[in-house]
Structure formats: C-alpha cells, structure tokens
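Report on the following structure.
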Amino acid sequence: MPFEVKKIAPIDLQPSRAVGVKLPFSGAAVFNQTYQSKDAIKTNLINYFLTYRGERYFNPTFGNGIQKELFEIMTKDKIKQIDSQIRRDLAYYFPRVLAHEINTVGIPDEHTVQFSLKYSVKDTNIEDEVIINFEQ
C-alpha cells in the first residue's frame, strides 16, 4: 500500500538552535525565540499580514495592506477580492504555504474584524491556523 512521505526540515532536528523570533516582543530579553519551522512560518505570516505595503524601507512591496480593506463595507465581492489578494500574495511571498480556508468576519458593534487563515506547508505535515483581530 503506497503512502505519502513527509519531509522534515533539517533545522527541526536540532532542538537547541533557534530559527526565528516570536511575536509579540515581550520576552524577558525582549525577543522570544522559535525553535521549530512551524512556529517560524506562523510568525512570518502574522508579521506579513500586520505589515502595510510600503512600510518596509528596502522592500516596499512586502506587506499585505489588508487592514485598509477590512474596514470598508463588506460585500461578497469585497470578500472575494480580499481572498484572491491573499492567495496571490501567499503564492508570491510564501510559495510553500497552501491556504485552505480564509475567513473574514466583521463585528460592527466592536469595530473589529477577525481574519483567520488555515494553512498547510507543502511536503510537510505542518498544518496550522493564524487568527488576527484588527481593531479600528
């Protein structure tokens, strides 16, 4: 019976070597470190979605700019537009990340929008979810 072989990143086999920095920056020494690629990918996705386009000085195209779209009137067309923009950006900046489910839910009474992304990483057994609350 055939089975699918999953690849493990070699860096995940070295448990004492940090691969990234965890958000938020509230550790004892300001930066908490991540030691697995699953955590580093999740942190990178959160960083990407919280960054405006043009905010990075030497990388002005980095960032999603989703924040300015979220507080407009949410129609089905607007949600489709946001969904396609996110998928396009993920394919460009995170080619190994596969988006399975993207949800955008507005809570008008609280002036917040909750954005969630369920994803997996190609050729690995990594599956995770990112949830971000945007407040106006």
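Throughout, read-outs are computed from the coordinates displayed, never taken from laboratory work. The structure displayed is predicted, hence computed values, not measured ones. All Cβ positions, even for glycine, are placed from backbone atoms using ideal geometry, and neighbour counts span all protein chains on display.
Worth a mention:
- Ordered from longest to shortest, the equivalent ellipsoid semi-axes for the stretch 33-136 are 23, 16, 14 Å, each the square root of 5 times a Cα gyration tensor eigenvalue.
- Student exercise, the stretch 73-136 dipole from Lys, Arg, Asp, Glu Cβ charges, in Debye to nearest 20: 380
- For the stretch 46-136, the number of Lys pairs separated by eight or more positions or lying on different chains, with C-alpha atoms closer than 21 Å, is 6.
- Compared with the alpha-carbon gap, the fully stretched path from ASN59 to ILE107 is longer by 14.0 nm at 0.36 nm per residue.
- Approximate spin-label separation LYS122-ILE79, in nm, with each point projected 7 Å along Cα-to-Cβ: 2.9
- Length available on full extension from LEU98 to LEU50: 0.36 nm per residue minus the Cα-Cα distance, which gives 15.4 nm.
- The Rg/Rh ratio of the stretch 79-133, with both radii computed over alpha carbons and Rh defined as the Kirkwood radius, is 1.03.
- Test item: Cα-centred dipole of the stretch 37-83, Lys/Arg +1 and Asp/Glu -1 on Cβ, debye: 80
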